[in-house]
Amino acid sequence: MSTFALEKLEGVEGRQRFEKLVVDGVAPFDVFEQNVASAYKSELIGIYAVMNDVANLKSVPQTKFHPYSDGKDGLREFEFKSKHLRVYAVEQKGGKIIIIGGTKATQKKDEAEFRRLKNLLNKQFKIV
């Protein structure tokens, strides 16, 4: 069984806390960042800007951040978007947990992995 932890997401400051999921000592979001940093640096900077706006309770366009599901399982999902990048998060009390990131080209595979990790995280931490 995997070990899950939450770590503060560096680079996002505000009234809401942003944390990232760590699975067996590795944050899937960090792996995503390393993989896309050179090709999509400006888009990644833009995603962080939207995260900071959300963390500071500012209104952002729905094209950049929106609920991804209605939370029928009790855990609301969110998506941060740019032209090529997608970052998937869930709501936690007082903020968001960043689960995984991906590209538009791998969106279906990334969605499946996001939901798998989300469900395992919820079982371990009982977020809802």
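The values are calculated or read from the model by the stated rules, or taken from the named source; none is laboratory data. Predicted, not measured: the structure shown is a model, and the values here were computed from it. For neighbour counting, all protein chains shown are included, and Cβ atoms are generated from backbone atoms with ideal geometry for every residue, glycine included.
Only a single criterion out of (1) surrounded by fewer than 16 Cβ atoms within 10 Å (Cβ to Cβ); (2) touching a strand residue (DSSP E or B) at 6+ places or on another chain (Cβ under 7 Å); (3) not small (Gly, Ala, Ser); (4) not in a strand (DSSP E or B) is not satisfied by residue 54, namely (1).
Evaluating residue 39 against the criteria (1) of a type outside the set (S, T, N, Q); (2) more than 21 Å from residue 112 (Cα to Cα); (3) out of contact with any strand residue (DSSP E or B) (no Cβ under 8 Å at 6 or more places or on another chain); (4) modelled with pLDDT of 95 or more leaves one unmet condition, (4).
No other residue among 44, 75 is touching a residue at least 24 places away in the same chain (Cβ under 8 Å) and closer than 19 Å to residue 124 by Cβ apart from 75. Across the stretch 1-16, the qualifying residues are those that are closer than 15 Å to residue 99 by Cβ and touching a residue at least 60 places away in the same chain (Cβ under 8 Å), and the one among them that is surrounded by the fewest Cβ atoms within 10 Å (Cβ to Cβ) is 2.
Based on this model, can you work out whether residue 117 counts as in contact (Cβ under 8 Å) with a residue 40 or more places away in the chain, over 15 Å from the mean Cα position of the chain (by Cα) and not in a strand (DSSP E or B)? Against the criterion (in contact (Cβ under 8 Å) with a residue 40 or more places away in the chain, over 15 Å from the mean Cα position of the chain (by Cα) and not in a strand (DSSP E or B)), residue 117 does not qualify. Of all residues in the stretch 68-103, those satisfying the criterion of being outside any strand (DSSP E or B) and either at pLDDT 95 or above or surrounded by 16 or more Cβ atoms within 10 Å (Cβ to Cβ) (or both) are 68, 75, 76, 82, 83, 84.
Among the candidates 39, 27, single out the residue that is of a type in the set (Gly, Ala, Ser) and within 28 Å of residue 3 (Cα to Cα).
Answer to the check: 27.
The number of residues in the stretch 86-114 being under 17 Å from residue 23 (Cα atoms), among the acidic types (Asp, Glu) and within 11 Å of the chain's Cα centre (by Cα) comes to 0. Has the stretch 20-35 got at least one residue that is in a loop (DSSP other than H, G, I, E, B), buried (at least 16 other Cβ atoms within 10 Å of the Cβ), among the β-branched types (Val, Ile, Thr) and on the phi < 0 side of the Ramachandran plot? No; the residues of the stretch 20-35 include none that is in a loop (DSSP other than H, G, I, E, B), buried (at least 16 other Cβ atoms within 10 Å of the Cβ), among the β-branched types (Val, Ile, Thr) and on the phi < 0 side of the Ramachandran plot.
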